[in-house]
Amino acid sequence: LTNVEGGTAMDSVISHFNIDGSDVWFTVTQEGIKIGTLRASIGQGVHTAPLLQTLWVEKAKRRQGIAVAMIREAEDYLLAHSESRVFAVTHPENLETRALFKKLGYSEMILLERKLGDDTGRFNGKRI
């Protein structure tokens, strides 16, 4: 990997592996220790486009280009597998990750979620 901020080389290895045909994990290790992961769920995003999620980098290793390297590796992998667009998901309050994806050219969309089986959306026991 190359540090995007300072341009210095890091002693890290990025690899990917497919778990079940729909999830591809991108992992960064440094001296044999996992310091970052990113999951690409293929065929599970909006309109079956791939979905990048579960982005994590060890706190002490952040802002060294690791997340960017994993995202770009995932994009290259998806492009090589005939995908033409990708979505990313993160918690709305995760401003740092949202800013990173926007910096990399991602557009923000609003995605609404509802847990099924709870009483939300009901008034006096009737669905509204």
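The values are calculated or read from the model by the stated rules, or taken from the named source; none is laboratory data. Bear in mind that the values here come from a model prediction, so they are computed numbers and not experimental data. Using ideal geometry, Cβ is built from the backbone for each residue, glycine included, and neighbour counts are taken over all protein chains shown. Each accessible area value is taken on the protein alone, full model and side chains, heavy atoms only, with ligands, DNA and RNA left out. Shrake-Rupley method; radii C 1.70, N 1.55, O 1.52, S 1.80 Å.
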note = Scanning segment 27-51 residue by residue, those within 19 Å of residue 84 (Cβ to Cβ), modelled with pLDDT of 85 or more and either part of a strand (DSSP E or B) or over 16 Å from the mean Cα position of the chain (by Cα) (or both) turn out to be 40, 41, 51
query = Given the structure, is residue 90 open to solvent by less than 100 Å² (accessible area, probe 1.4 Å), in a loop (DSSP other than H, G, I, E, B) and modelled with pLDDT of 85 or more?
reply = yes
remark   = Flagged in segment 50-71 as out of contact with any helix residue (DSSP H, G or I) (no Cβ under 9 Å at 6 or more places or on another chain) and open to solvent by less than 90 Å² (accessible area, probe 1.4 Å), in numbering order, are 51, 53, 54, 60, 61, 64, 65, 66, 69, 70
Filter result (open to solvent by 100 Å² or more (accessible area, probe 1.4 Å) and within 18 Å of residue 63 (Cβ to Cβ)) within segment 93-113 = 95, 102, 103
